[in-house]
Amino acid sequence: MSSGGTSKNHELVWHAFLKRASNCYTDLMNSWIQKWESKSQFRPEGINEAVWLSYTEYWSHPEVVAKREQCRANRLSQPGGEGTGPSHHRASAKSQLERALEFRERVGRDPTPYELAMMIHGPRGPDGSYTYPKMETIPTEVHQESEQMSQ
């Protein structure tokens, strides 16, 4: 393998590691916040009291509370319209870059914006269903836009 490929593989592994570490840290903080909100005496083992106090003071700021509530509302929103439920992503943990690189390796060229949109937002499963109804229009819109751009 060329050194360029090795460097690219290292970059992908490092990116995946950072994403995983970030997700783990976020999950840990979220679990601490939930426990702290429900049990005022909660403090994780091994966390210095002064450090814990700085966390709880920060989490208590009105703007931080408001942001947390807005994020919670966003997660529970129904982007497909009333009655469709919250959005459930089926794109897996792969980034657009990772999908594009896999496509390039498989097909020998970069994917078009439409092909990339179909990989991420296209129908899934044996019934060909979309994540939520509004998703059906996204690939078509991307295809139309890329057609217009190529003229």
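The values are calculated or read from the model by the stated rules, or taken from the named source; none is laboratory data. Keep in mind the model is a prediction, meaning the values are calculated, not measured. Cβ sites come from the backbone with ideal geometry, for glycine too, and all protein chains shown count toward neighbours. Surface areas here come from the heavy atoms of the whole protein model, side chains and all, with no ligands, DNA or RNA. Shrake-Rupley method; radii C 1.70, N 1.55, O 1.52, S 1.80 Å.
Please tell me if GLN70 is polar (S, T, N, Q) and modelled with pLDDT of 85 or more. Please lay out each step first, then the result.
Details: polar (S, T, N, Q): yes; modelled with pLDDT of 85 or more: yes.
Yes, satisfied.
Would you be able to say whether some residue in the stretch 95-118 is open to solvent by less than 50 Å² (accessible area, probe 1.4 Å) and modelled with pLDDT under 80? Looking through the stretch 95-118, at least one residue is open to solvent by less than 50 Å² (accessible area, probe 1.4 Å) and modelled with pLDDT under 80.
Tell me the residue from HIS88, HIS143 that is at pLDDT below 80 and surrounded by 12 or more Cβ atoms within 10 Å (Cβ to Cβ), please.
Of HIS88, HIS143, the one residue that is at pLDDT below 80 and surrounded by 12 or more Cβ atoms within 10 Å (Cβ to Cβ) is HIS143.
Would you check if there is a residue in the stretch 59-71 being without any contact (Cβ under 8 Å) to a residue 40 or more places away in the chain, outside any loop (DSSP other than H, G, I, E, B), of a type in the set (Ser, Thr, Tyr) and closer than 26 Å to LEU97 by Cβ? Within the stretch 59-71 (the criterion being without any contact (Cβ under 8 Å) to a residue 40 or more places away in the chain, outside any loop (DSSP other than H, G, I, E, B), of a type in the set (Ser, Thr, Tyr) and closer than 26 Å to LEU97 by Cβ), the answer is no, since none of the residues qualifies. The one condition from (1) at pLDDT below 75; (2) open to solvent by 40 Å² or more (accessible area, probe 1.4 Å); (3) touching a helix residue (DSSP H, G or I) at 6+ places or on another chain (Cβ under 8 Å) that GLN78 does not meet is (3). Against the numbered list (1) open to solvent by less than 70 Å² (accessible area, probe 1.4 Å); (2) hydroxyl-bearing (Ser, Thr, Tyr); (3) modelled with pLDDT of 90 or more, TYR25 comes up short only at (1). Only a single criterion out of (1) within 20 Å of HIS121 (Cα to Cα); (2) of a type in the set (Val, Ile, Thr); (3) at pLDDT below 85; (4) open to solvent by 60 Å² or more (accessible area, probe 1.4 Å) is not satisfied by THR6, namely (1).
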